[in-house]
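The values are calculated or read from the model by the stated rules, or taken from the named source; none is laboratory data. Since the structure is predicted, the reported quantities are computational estimates derived from the model, not experimental observations. We place every Cβ from the backbone using ideal geometry, glycine too, and count neighbours over all the protein chains shown. SASA here: full protein model, heavy atoms, side chains in, ligands and nucleic acids out. Shrake-Rupley method; radii C 1.70, N 1.55, O 1.52, S 1.80 Å.
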Amino acid sequence: MIRVAVSGAAGRMGRTVCDAVDGAGDMEVVERADPDLGVTLADALTNVKPDVVVDFTVPATVFDNTRLCLDHGTHVVVGTTGLDPEQLDELRAAAGRSKGNCLIAPNFAIGAVLMMQAAKLIAPHMPECEIVELHHEAKLDAPSGTAKRTAELIAQAGGKEPPIHSVRLPGLVANQEVIFGGTGQTLTLRHDTISRESFMPGVLLAVRKVAEVDGLVVGLENVM
Ligand code: NAD
């Protein structure tokens, strides 16, 4: 059994992750850390010694949480968005020194990962594109981590750095369109997340695989 502590366990994603982990046969939730539950991540790491921490918290705390896990030599799967490139570099160095590995995924939905891979394939042939990302009104960061990662992959693949448009409205979960334009034609990739369960197969896969990655990796495609 993989012993999992969920950080941000009282949140929308954290609650869904707890249910998914408890529903899987090969892992169990050993601690739920969240200020709303009166349990800190530091206490969870010290008292329960989980094999893997899954973090779905808030942009303001994700860096410290991830760093804390690595300093404890504990594997960490990070879904929280908002880490900047300098913080990623620091975490990569911390993972290099740690017995624990780190798998960060801006999007755990398999369809969204495939959308990003498809965007990479299209970019050299249709370099002009724009990204429209649409999320629920309570999402704290904009643009979304998925949109920023898609833009980065498109630029690396030879496309132009795409502008990102962010929409925040009630009724939405997470959606993204990547629209490529060429002479007399457009090509649109669209991914729609209609429930948070869509992220769970990817999260469980990451929990199973994080012990095998090399230090720190970004993107679920690394373990698919
Ligand atoms: P939420 O606001 O519902 O939940 C966040 C929880 O984190 C809250 O319960 C809060 O009390 C808790 N928290 C705050 N500080 C903490 C700390 N120091 N230690 C432990 N817990 C702490 O948010 P949400 O909708 O569940 O989203 C969480 C994050 O996940 C966001 O950054 C969101 O963008 C991201 N997200 C990622 C994916 C993905 O596939 N990677 C999918 C959906 C959401």
Keeping all protein chains in place and using 1.4 angstrom, which order do Thr16, Thr66, Thr186 fall into by accessible surface area, from largest down? Thr186, Thr16, Thr66
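How much mean residue ellipticity at 222 nm does the chain get from its helices, if each DSSP H run of length 4 or more adds -39500 (n - 2.57) and you divide by all residues, to the nearest 500 deg cm²/dmol?
Details: 7 runs with 80 residues, N = 224.
Per the formula, -11000 deg cm²/dmol.
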Using a 1.4 Å probe over the heavy atoms of the protein chains, calculate the carbon and sulfur portion of the accessible area of region 110-193 as a whole percent. 57
Rg/Rh (Cα only; Kirkwood hydrodynamic radius) as it applies to the chain: 0.98
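What Kirkwood radius, in Å to one decimal, follows from the Cα pairs of region 110-193? The partial results should precede the final answer.
Values: mean 1/r = 0.0786 Å⁻¹.
This gives a value of 12.7 Å.
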Grab the other residues whose beta carbon is less than 13 angstrom from that of Lys148, score K and R as +1, D and E as -1, and report the net. -4
By how many degrees, 0 to 90 and rounded to 10, does the Cα axis of helix 85-97 deviate from the longest principal axis of the chain? 40
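Sorted by mean Cβ packing within 10 Å, highest first, what order do the peptides 169-176, 112-119 take? Please list the in-between numbers first.
Details: 169-176: 15.4, 112-119: 19.5.
The peptides rank, most packed first, as 112-119, 169-176.
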For the charge dipole of region 138-223, defined by +1 on Lys and Arg C-beta atoms and -1 on Asp and Glu C-beta atoms about the Cα centroid, which residue among Ala151, Gly171, Thr188 has the Cα displaced farthest towards the positive pole? Gly171
Please give the helix 12-23 orientation as an angle from the longest Cα principal axis of the chain, in degrees from 0 to 90, rounded to the nearest 10. 60
Which lysines, on any chain, are close to Lys160 with Cα under 24 Å apart, when same-chain ones fewer than 8 places away are left out? Lys120, Lys148
